[in-house]
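**Student:** Have a look at this one.
The values are calculated or read from the model by the stated rules, or taken from the named source; none is laboratory data. Because the structure is predicted, anything quoted here is derived from the model rather than measured. Here Cβ is always computed from backbone atoms with ideal geometry, including for glycine, and neighbour counts include all displayed protein chains. Each accessible area value is taken on the protein alone, full model and side chains, heavy atoms only, with ligands, DNA and RNA left out. Shrake-Rupley method; radii C 1.70, N 1.55, O 1.52, S 1.80 Å.
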Amino acid sequence: MSTILVTGATGNVGGHVVRELERAGLPVRALVRDPARARLPERVETVAGDLTRPETLGPALTDVETAFLVWPGFAARTAEPVVEALAGRARRVVYLSANVPQGDGEPTIFHQELERLIRASGMSWTFLRPSGFAVNTLGWADQVRTGVVRWPYGQAGRTLIHEKDIAAVAVHVLTSAGHGGAAYPISGPEVLTQAEQVRIIGEVIGREVRWEELPPEQAREQLLAAWGDANFVDAALAGWRSLVDSPEEVTDVVEKLLGRPALPFRSWVRDHEADFR
């Protein structure tokens, strides 16, 4: 098998993808900004490169047929030259997208733009469209330690997915046939409101943690300071608001592809218990 390129190789999902491929004895190359700081298994080839600087990608793309693409940040400014560079070397790409609205209109967030470019690239493609990432609840960790989480839309219903499940699906798709042109909506196994997520975190770590509703306009100020992209912030807030009346749907894609149920949120919290203490 030719080399599999993994971008986002030190991130929450990409790190698991790299390790699963390495454990399977497959040739894997990790694209990282600083190989000296990557801390990946010794058998993993690490190559310096940066998706925000497409001119740096040449060495990473040598002898690559398949790529796992995780986009950095919230903007697609360099997406077109990156996709062109991938298409010049790789035959297929698995893109970690999101469960975002699809349609024929102009893209409004970067995932839609990346999907559009990839479809037009000539590569065989597969899109993974996860629901909310369970790991994003680590953003509440400091508040959890105080016993109160203040955030908007406590009744928004999410089907949070463990990053291990996203990675396992990615590895399955990267290493098996029959996924060209597929867009997989993957989710966790249950619908939980944000307030219920906070309660479960408290139960697992052994302390009471309560939810307190935060006005959306205050949350917007905080998110703008953290993320910097107004379009993405507004899309996120609108998405959470919509999930109050129309919760995310549970899908069976993880079980169909992996032959086992998706991991529940409580299992994810146990894996990250120390991060909340």
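**Student:** On the protein heavy atoms, probe 1.4 angstrom, tell me the percent of accessible surface of the chain carried by carbon and sulfur.
**Tutor:** Values: 6180 of 13160 Å².
The computed percentage sits at 47.
**Student:** If you take all C-alpha pairs in the stretch 18-82, what percent of them are over 15 Å apart? Before the final figure, lay out the partial values.
**Tutor:** On the way: 1144 of 2080 pairs.
Of all Cα-Cα distances in the stretch 18-82, 55 percent exceed 15 Å.
**Student:** If packing is taken as the average count of other Cβ atoms within 10 Å, what order do 146-156, 130-140 fall into, highest mean first? Don't jump to the answer; show the numbers that get you there.
**Tutor:** On the way: 146-156: 17.5, 130-140: 20.5.
With the highest mean Cβ count within 10 Å placed first, the list reads 130-140, 146-156.
**Student:** Return a whole-number percent for the relative contact order of the stretch 129-185, with Cα pairs under 8 Å and 6 or more residues apart as the contact set. Let's see the in-between values first.
**Tutor:** Working: 30 pairs, mean separation 30.9, N = 57.
Relative contact order of the stretch 129-185: 54 percent.
**Student:** Tell me the trypsin sites (Lys or Arg not before Pro) within the stretch 41-98 that lie in a loop according to DSSP and have at most 16 other beta-carbon atoms within 10 Å.
**Tutor:** On the way: sites: Arg43, Arg77, Arg89, Arg91, Arg92; in loops: Arg43, Arg77, Arg91.
Counting only loop positions with at most 16 other Cβ atoms within 10 Å, the trypsin sites (Lys or Arg not before Pro) in the stretch 41-98 are Arg43, Arg77, Arg91.
**Student:** On average, how much accessible surface per residue is there in the stretch 1-106, in Å², for a 1.4 Å probe, leaving out ligands, DNA and RNA?
**Tutor:** Ligands and nucleic acids excluded, the result is 51 Å² per residue.
**Student:** Sticking with this one: Rounded to the nearest 500, what is the 222 nm mean residue ellipticity of the chain from helices alone, with -39500 (n - 2.57) per DSSP H run of 4+ residues and division by all residues? All intermediate terms of the calculation are to be shown ahead of the outcome.
**Tutor:** Details: 12 runs with 110 residues, N = 277.
For the chain, the value works out to -11500 deg cm²/dmol.
**Student:** Any idea how far the Cα center of the stretch 190-209 sits from the one of the stretch 231-267, in Å?
**Tutor:** Between the Cα centres of the stretch 190-209 and the stretch 231-267 lies a distance of 16 Å.
**Student:** In Å, the Kirkwood hydrodynamic radius of the chain over pairs of distinct alpha carbons? It would help to have the intermediate numbers written out before the result.
**Tutor:** Details: mean 1/r = 0.0510 Å⁻¹.
Taking every pair of different Cα atoms in the chain, averaging 1/r and inverting gives 19.6 Å.
**Student:** Taking the highest mean first, how do the peptides 50-56, 176-182, 161-167, 79-85 order by number of other beta carbon atoms within 10 angstrom per residue? Don't skip to the end; give the middle numbers.
**Tutor:** Details: 50-56: 15.9, 176-182: 11.3, 161-167: 24.4, 79-85: 18.1.
Per-residue Cβ counts within 10 Å, averaged per peptide and sorted highest first, yield 161-167, 79-85, 50-56, 176-182.
**Student:** Given 25 °C and 0.890 mPa s, compute D for the stretch 145-189 with the Stokes-Einstein relation, Rh being the Kirkwood radius over Cα pairs; round to the nearest whole µm²/s.
**Tutor:** Estimated via Stokes-Einstein, D reaches 181 µm²/s.
**Student:** Counting just the Cα atoms, what span does the stretch 112-200 cover along each of its three principal axes? Round to the nearest Å and put the largest first.
**Tutor:** Projected onto its principal axes, the Cα set of the stretch 112-200 covers 50, 25, 21 Å.
**Student:** Counting Lys +1, Arg +1, Asp -1, Glu -1, what net charge surrounds Glu196 among other residues with beta carbon under 15 Å of its beta carbon?
**Tutor:** Values: positive: Arg158, Arg199, Arg210, Arg266; negative: Glu190, Glu203, Glu208, Glu212, Glu213, Glu248.
Once all neighbours under 15 Å are counted, the net charge is -2.
**Student:** Moving to a separate point now. Helix 163-174 versus the longest principal axis of the chain: what angle, 0 to 90°, nearest 10, using Cα atoms?
**Tutor:** Orientation of helix 163-174: about 30 degrees from the principal axis.
**Student:** What is the chain's relative contact order, in percent, from Cα pairs under 8 angstrom and six or more apart in sequence?
**Tutor:** Value for the chain: 18 percent.
**Student:** For the ranges 16-24, 231-239, 211-219, what's the packing order if you count other beta-carbon atoms within 10 Å of each residue, average per peptide, and put the highest first? Don't skip to the end; give the middle numbers.
**Tutor:** Numbers: 16-24: 19.6, 231-239: 16.2, 211-219: 14.0.
Sorting 16-24, 231-239, 211-219 by mean packing, highest first, produces 16-24, 231-239, 211-219.
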